[in-house]
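Notes for the one structure printed next.
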Amino acid sequence: MPSTNEIHVLPNNEISPRRIRRRELAQILLAGAAAGFISPLSSAIHPIHKHLLNATLLDSADASLSATNDNPLFLSAQRFATLDVLCEAVVPGSRNAQSAAFIDLLLSVDTKTAQQKVLAALSAFESAAQNNFQAAITALGAAQIHSLLTSLSASDSADHKHFNHLKDWITGAYYSSEIGMRELGWTPDRVFPAFPTCSHPDAHT
């Protein structure tokens, strides 16, 4: 029986740490999306899609995320902390799924153009936090972060494109993890015929 500190808890669901390789999870997720099922994944042209097709990279990601190294591979420590807060705010449970670390790893091998788009998005979020609350994102409370995300996600927001771009990284990272796949209804002994509706749609509008 695993100890309590080895269990990740999600609404109505308890799971043990990742046992299934991410490349297997990504294959299932992408296959479902290709078959026309409702998918939480972003547009097929988003950079994370090519990474989810790279089996070698995903295997190295599993090894990296299992290691006890807290140093980001691409982002600065401050921006990594910002991304971690945003991941958890956009898709609750992302911290347990190590979404920020996975995104950071993918960015470390991505093109300069892709890297700069993420940095620009993070800068836009950071500037918005300073303008609205005179504080860093990592210092904001839950209500303030919710207000910030609501504002930036509005279609008439100047930072709408940054919100969508970062959201796609976050949802792709989360739902290609075992935690995210289990939330969708997947288990190792059962393949679901379609992706059910996300259990927290308001969190990542």
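Values in this text are rule-based calculations from the coordinates and carry no lab data. Remember, predicted model here, so these are calculated numbers, not experimental data. Glycine also receives a Cβ, built like all others from the backbone with ideal geometry; neighbour counts cover every protein chain displayed.
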For residue 112, counting only lysines whose alpha-carbon sits under 18 Å away and dropping same-chain residues fewer than eight positions off, the answer is 50
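Cα gyration tensor of region 20-194, axes a ≥ b ≥ c as square roots of the eigenvalues: rounded (a/c below 1.5), prolate (a/b > b/c) or oblate? Write down the numbers at each step before the final one.
Numbers: a/c = 1.76, a/b = 1.48, b/c = 1.19.
It is prolate, given that a/c is not under 1.5 and a/b is the larger ratio.
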In nm, to one decimal, how far is the modelled label at residue 116 from the one at residue 70, with both set 7 Å along Cα→Cβ?
3.3 nm
Within region 108-122, whose backbone N sits under 18 Å from a point 7 Å along Cα→Cβ of residue 45?
111, 113-118
Would you grab the residues whose amide H sits under 5 Å from the one on residue 187? Only those 5+ places off in sequence or on another chain, please, with H modelled 1.01 Å from N.
192
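Under the definition of Cα pairs under 8 Å and six or more residues apart, what whole-number percent is the relative contact order of region 20-194?
Numbers: 172 pairs, mean separation 57.5, N = 175.
Once normalised by length, the contact order is 33 percent.
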